[in-house]
Structures are given as C-alpha cells and as structure tokens.
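Enquirer: Pasting in a structure now, in structure tokens, and then I'll have a few things to ask.
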Amino acid sequence: MRLAELSRRSGVATATIKFYLREGLLPAGRRVSSTQAEYDEEHLRRLQLVRALIQVGGISVAAAREVLTAVDDSSVDQVSRMGTAVAALPQPLPGPAADDPGAATADRVAREVQERLGWRVVPENPAHQALVSAISALLRLGYPCDGAALLPYGELAGRLAEHELSLVEEFAAPTTQLEAAVALTVLYEPVLLSLRRLAQAEQATRRLRDGIPPR
C-alpha cells in the first residue's frame with residue numbers, strides 16, 4: 001500500500017507518519033521510485049502500536065523509540081527483550097530521592113512483599129524503584145504500608161500478569177507478542193485504574209448506604 005492508504009487505514013495523518021519514519025519509530029517502506037515507497041500489514045500494525053504508545057499512553061517520542069528498539073533487538077532472548085521493552089515504559093512514579101529518609105525502610109518493605117510472593121527482586125528495575133517511592137510516601141503520611149497490607153495487591157497483580165501473558169501468547173510471531181505485551185501494559189493500566197475506582201465506589205455504596213458489613 002502507498003502512504004495515503006496507510007494513512008487512511010490507520011487513521012494517522014500522512015505528516016505524522018512521515019514524522020514517525022524520520023524518528024525511526026516506523027521502519028522504512030519498500031522503495032518503488034525516487035519519491036514513493038510501499039508499505040505492508042507489518043507497517044500498519046507497528047503504526048497502530050506507535051499511535052497507542054504516543055497518543056493514548058502519552059509516551060514521549062524518545063521513550064517510544066527506546067521501547068521499540070528493545071522490541072526489535074533480536075540479538076537477545078525473548079524474555080530479555082520483553083523485560084527491557086516494558087521497563088522502558090514510563091513509570092507512575094520516579095525512584096526515591098537520594099535524601100529520602102524513608103527510602104531504606106520502603107525498600108525493605110518492597111523486597112519483603114516480592115520475596116513473600118516468590119518473585120525475583122531486581123532493585124534496579126524502574127518498577128521496583130517506583131514501588132519504593134510509593135511506599136515511602138505512605139510511610140510519611142502514616143498509612144498502612146507494611147508487608148501484610150501490600151501483599152493482597154501483589155497477589156492480585158500476579159493473577160493479572162498471568163492473565164495478560166495468556167493474552168500475549170495468543171499471538172504467534174515473537175515480535176508480535178512483544179508488541180502486544182507493550183500495548184497491553186500501556187492500554188490496560190487505565191482500564192485497571194478505572195475498574196479499581198468503580199469497585200471502590202461500589203464497595204463504599206454497599207457498606208455505607210446499604211449497611212453491608214465488611215468481610
């Protein structure tokens with residue numbers, strides 16, 4: 001397909017597609033003349049992923065390039081590619097500041113929860129650092145944040161991860177699986193947050209208005 005058709009099928013303006021091509025987010029098409037190129041279904045799928053990352057996920061062009069570079073890096077195994085790609089996605093919180101007095105305690109809690117869940121602890125993982133920041137903030141405010149309070153969140157997260165990886169495995173090609181893992185991470189996080197808030201509203205209504213005692 002030519003650029004105009006790629007634009008029509010993807011819903012992305014031709015000027016934006018050209019920008020993605022210049023930035024290396026989209027592989028070049030097959031050159032058919034000095035001024036025109038042809039694109040295929042792989043370009044369409046990658047373009048939809050880029051659009052999801054940037055326009056829906058709010059990820060910067062630089063971050064999207066880093067994620068896609070990891071996806072395309074066939075020099076390493078599939079697990080490493082997936083880990084690098086997902087770790088490159090923006091985290092909900094930055095890591096703790098160097099002078100954060102609660103960071104050491106928060107790090108111990110974060111490690112404890114992961115160990116109780118049977119997970120590997122990777123301190124340099126941006127998600128681990130974001131978790132430490134969140135726990136440190138809870139500590140400062142005096143809210144429950146010990147291992148017992150956080151363990152149910154980890155157990156739910158584990159079940160969600162199993163479900164999401166099952167969805168990813170429905171795709172056959174390794175690169176397509178990696179793209180799906182990235183897309184699901186970005187697009188399902190707002191789904192998860194929205195469902196959590198809806199559940200909170202429902203539980204609050206049942207307990208406070210209908211008088212249903214907590215379990």
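The values are calculated or read from the model by the stated rules, or taken from the named source; none is laboratory data. It should be emphasised that the depicted structure is a prediction, and the values quoted were computed from it without experimental measurement. As a convention, Cβ positions derive from the backbone with ideal geometry for all residues, glycine included, and neighbour counts pool all protein chains shown. In case anyone asks, the SASA skips ligands and DNA or RNA and just uses the protein heavy atoms, side chains included. Shrake-Rupley method; radii C 1.70, N 1.55, O 1.52, S 1.80 Å.
Enquirer: Heavy-atom accessible area of residue 77 with all protein chains present, probe 1.4 Å, nearest 10 Å²?
Expert: 90
Enquirer: Using Cα centres only, tell me the gap between the range 159-211 and the range 123-149 in whole Å.
Expert: One Cα centre to the other: 21 Å.
Enquirer: For Cα pairs less than 8 Å apart in space and 6+ apart in sequence, what is the mean separation divided by the residue count of the chain, i.e. the relative contact order in percent?
Expert: Relative contact order comes out at 16 percent.
Enquirer: Return the equivalent ellipsoid semi-axes of the chain as a descending list in whole Å, where each equals the square root of 5 times an eigenvalue of the C-alpha gyration tensor.
Expert: In descending order, the three semi-axes are 39, 21, 16 Å.
Enquirer: Here's another thing I want to ask about it. If you take the Cα atoms of the range 1-89, find Rg, then find the Kirkwood Rh from the mean of 1/r over all pairs, what is Rg/Rh?
Expert: 0.99
Enquirer: Okay, next question. Under the rule of at least 5 residues apart or a separate chain, name every residue whose amide H is placed under 5 Å from the amide H of residue 38.
Expert: 30, 31, 32
Enquirer: Still on this structure, please answer the following. Out of the chymotrypsin sites (Phe, Trp or Tyr not before Pro) in the range 133-215, which ones are loop residues according to DSSP with at most 15 other C-beta atoms within 10 Å?
Expert: 171
Enquirer: Please go through the range 135-215 and write out the GluC sites (Glu not before Pro) that DSSP classes as loop and that have at most 16 other C-beta atoms within 10 Å.
Expert: Taking the range 135-215 and a limit of 16 other Cβ atoms within 10 Å, the loop GluC sites (Glu not before Pro) found are 169, 170.
Enquirer: What is the percent carbon and sulfur in the accessible area of the range 1-89, measuring with a 1.4 Å probe over the protein chains and ignoring ligands?
Expert: Of all accessible area on the range 1-89, carbon and sulfur atoms account for 51 percent.
Enquirer: May I ask you to order 138-151, 108-121, 57-70, 26-39 by the average number of other C-beta atoms within 10 Å around their residues, highest value first?
Expert: Ranked by mean Cβ neighbours within 10 Å, highest first: 57-70, 108-121, 138-151, 26-39.
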